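Everything on this sheet refers to the single structure shown next.
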Amino acid sequence: MSFSLGKSLFEKETISIPQDVEVVFVADLFVDDYVGGAELTSQALIDSSPCKIFKLHSSDVTVDALKQGYKKHWIFGNFARLNFQLIPSIIANLKYSILEYDYKYCMHRSPDLHLQREGNCNCHNEMHGKMMSAFFHGASSLWWMSQKQKKAYQDKFPFLAEKKNSVV
């Protein structure tokens with residue numbers, strides 16, 4: 001990101017999704033930002049894709065970006081920095097898939113961590129969990145890291161079993 005004297009340091013640069021891109025891949029971080037397991041897995045998928053992919057940080061997803069990319073397929077990886085107020089617009093207007101690395105229905109992204117910090121996780125019955133389940137239900141496909149993770153979601157949200165589910 002570059003800064004100019006004529007621009008506020010707090011003003012975001014406008015994102016421009018190239019016309020020739022087929023897929024918009026959304027994540028909190030990419031390998032250029034941080035070398036972690038999710039980032040390496042995402043990069044391996046991006047590198048092996050025959051499609052032209054545009055990487056977009058979840059914090060940079062805006063209404064304008066959604067408008068620019070409404071004809072493209074979107075993949076949402078880790079998206080803790082996504083403005084959750086955009087989720088209804090994403091569900092209604094985009095074709096997208098979710099690549100799930102953890103348990104986003106839980107406020108801690110891990111029922112085990114939730115148990116350690118606060119006791120049993122009941123997030124799936126709270127507004128956050130319900131919003132996540134709607135987001136996952138709106139996806140054209142769901143990609144899981146393990147059968148155990150997929151089962152945990154489908155036990156809490158049985159309607160997700162009706163989706164196209166793959167374990168990567």
Exercise for the section: All but one of (1) open to solvent by less than 50 Å² (accessible area, probe 1.4 Å); (2) without any contact (Cβ under 8 Å) to a residue 60 or more places away in the chain; (3) in a helix (DSSP H, G or I) hold for Pro88, so report the exception by its number. Expected result: (1)
Exercise for the section: Examine the stretch 72-82 for a residue that is out of contact with any Gly (no Cβ under 6 Å at 6 or more places or on another chain) and assigned to a helix (DSSP H, G or I), and state whether such a residue exists. Expected result: no
Practice task
For the stretch 46-58, state whether one or more residues are under 22 Å from Gly138 (Cα atoms) and either modelled with pLDDT under 95 or assigned to a loop (DSSP other than H, G, I, E, B) (or both).
Solution key: no
Practice task
Could you please find all residues in the stretch 137-168 being hydrophobic (A, V, I, L, M, F, W, C) and more than 23 Å from Gln43 (Cβ to Cβ)?
Solution key: Ala152, Phe157, Phe159, Leu160, Ala161
Practice task
Kindly indicate whether any position in the stretch 119-129 is within 16 Å of the chain's Cα centre (by Cα) and open to solvent by 20 Å² or more (accessible area, probe 1.4 Å).
Solution key: yes
Practice task
Determine which member of the set Lys67, Lys52, Lys72, Lys95 is without any contact (Cβ under 8 Å) to a residue 60 or more places away in the chain, touching an Asp or Glu at 6+ places or on another chain (Cβ under 7 Å) and either open to solvent by 40 Å² or more (accessible area, probe 1.4 Å) or more than 28 Å from Ser16 (Cβ to Cβ) (or both).
Solution key: Lys52
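The values are calculated or read from the model by the stated rules, or taken from the named source; none is laboratory data. In this text the structure is predicted, and so the values were computed from the model without any measurement. For neighbour counting, all protein chains shown are included, and Cβ atoms are generated from backbone atoms with ideal geometry for every residue, glycine included. Note: areas computed on protein heavy atoms with side chains; ligands, DNA, RNA excluded. Shrake-Rupley method; radii C 1.70, N 1.55, O 1.52, S 1.80 Å.
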